[in-house]
Amino acid sequence: MKNHKFNPESLMMSHGYKPELSEGAIKCPIFQTSTFVFKTAEEGKAFFEIAYGLRKKDENEELGLIYSRINNPNLEILENRLCLWDKADDCAVFESGMSAISTVLLEFLKPGDLLVYSNPVYGGTDHFINHFLPSIGVHVLGVQPNQNAEVVKAMIEKSGKADKLAMIYMETPANPTNDLIDIESFSNLAKHFSTSERKVLTAVDNTYMGPLWQHPLEHGADLVLYSATKYIGGHSDLIAGAVLGNQEVMGRVKVLRTFLGNMISPNTAWLLLRSLETLKIRMDQQTKGAQEVAAYLNNHPKIESVNYLGLLPEDSEQYRIYKKQCSAPGAMITMNIKGGEKEAFQVLNNLKLVKLAVSLGGTESLAQHPNTMTHAGVDPEQKKLMNITSKMIRLSIGVEAAKDLIWDLSQALDKVTIEENEVAYS
């Protein structure tokens, strides 16, 4: 028993928290304070040296509490617990998923650098990459899901900027199509273009799989990113983001976070600590329900196709990647209805239990129309390449009984009137 290794879900109630330091409270209190008292001036000096990156921490030295923009007990305990799921050295939590993404891209990219990124990505990420980064002189190269590492290698070499490659950014499974990227092969590609003076980093947005169903760091990624609003928060009552990785890269992320000031509040951290206690229970129920819903939709006469990891053909390359790096098919489904926008809207407007809203990963099931909602700002030609069409509906499956979700989808689909010669792109 002395050497027993607890599972992460067993440590979500206690790891990193000492009740004796908080009047014996079984749950971590909210540390609603802006600043912290130093015991001595020398202690304050030592804390700031580490916080500002003036020196590396000595062995067994911890960054002491300074100011809640830099660190706070709620943030630190949350970060420690999140590290358990991805087996990361360190974690930084942010006020939103986009804060996490933009901070990573700003820290590791400079004017003249090349960023290679997978398509599709979340609409906000797409806008930041294709509109903001070029405005500061960063070159971007988008690749499609059917382009493997060898094809992308040739694309990078052909670009004439191979020596400027700084990062490969992946979102897998992709939002909203569920396309998979082989993390290991693209991490190896980054190593190929790295030199002794310049390491090419790989970053993976793992929001769709949460910290439970896929662990990018185990497949060679340097950084894993989350919109913690989604499965980690899981109750649609907060906005947050997280980044995890090894000590070296996370030190840089945390220093920039200090000066951008985009860390989460103690209140949000406390809510996330609450959510982590039920993370596995929630996600287990969500993927179980999603598998039943996807199987039903896959056989519905008004559905043209269903994109779901649990339905991948076993002889496909996508299935090989899925079995290699995912432990479950997740809870995100996209269904392509026969017809177009009119038919898709008929479904959305007639749902009763499933709510019409963007976001995902919450306890309630949600449905939305990517083409006109989350990915409305993506270039129309790019959307065609990525198969984001007017007939697509994205579903995030919650914790409801699967039979109730199937009933709701069934009655909504019954109200659809499909016209012949419906244009796919409207």
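Quick note: the coordinates plus some simple rules give every number you see, no bench work behind them. A quick note: this is a predicted structure, and the numbers were derived from the prediction, not measured. As a convention, Cβ positions derive from the backbone with ideal geometry for all residues, glycine included, and neighbour counts pool all protein chains shown.
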Exercise for review: Scan the chain and note any complete DSSP helix (H) whose C-alpha atoms cover at least 30 Å along its axis and whose Kyte-Doolittle average is 0.5 or more.
Suggested key: none
**Study point:** Distance between modelled label sites at GLU150 and LYS324, nm, 7 Å Cα→Cβ extension
**Key:** 1.3 nm
**Study point:** Spin-label model distance (nm) - LYS110 vs GLU364, 7 Å beyond Cα toward Cβ
**Key:** 4.7 nm
Review point. In which sequence would PHE47, PHE6 go, from the one with the fewest C-beta neighbours within 10 Å to the one with the most?
Key: PHE6, PHE47
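From the Cα gyration tensor of the chain, with a ≥ b ≥ c the square roots of its eigenvalues, which class applies: rounded if a/c is under 1.5, or else prolate if a/b is larger than b/c, or else oblate? Working shown, then result.
On the way: a/c = 2.02, a/b = 1.37, b/c = 1.48.
Cα axes put the chain in the oblate bin.
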Check your understanding: Magnitude of the Cβ-charge dipole of the chain, K/R +1 and D/E -1, about the Cα centre, nearest 20 debye?
Key -> 280 debye
Exercise for review: With a cut-off of 15 Å, note down the residues of region 197-215 whose backbone N falls inside the zone around a label point 7 Å from the Cα of LEU260 toward its beta carbon.
Suggested key: 203-205
Check your understanding: Given the Cα-Cα distance of ALA41 and ALA295 and 0.36 nm per residue of separation, how much length would full extension add, in nm?
Key -> 85.0 nm
Study note, to complete from the structure: Note: LYS191 to SER22 extended length (0.36 nm per residue) minus current alpha-carbon separation gives 56.2 nm
Practice item. Could you point to the residue in GLN247, LEU276, SER96 farthest towards the positive end of the chain's charge dipole, with +1 and -1 charges on the Cβ of Lys/Arg and Asp/Glu respectively? Key: GLN247
Point to revise | Helix-only mean residue ellipticity at 222 nm for the chain, each DSSP H run of n ≥ 4 adding -39500 (n - 2.57), per residue, nearest 500 | key: -11000 deg cm²/dmol
Revision key, fill the gap. The size of the Cβ-based charge dipole (Lys, Arg +1; Asp, Glu -1) of region 279-414 about the Cα centre, to the nearest 20 debye, is 180 debye
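Considering only the other residues whose Cβ falls under 15 Å of the Cβ of GLU184, what net charge follows from Lys and Arg at +1 and Asp and Glu at -1?
The answer is 0.
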**Study point:** Net lengthening on full extension, LYS415/VAL140 (0.36 nm per residue, minus Cα-Cα)
**Key:** 94.6 nm
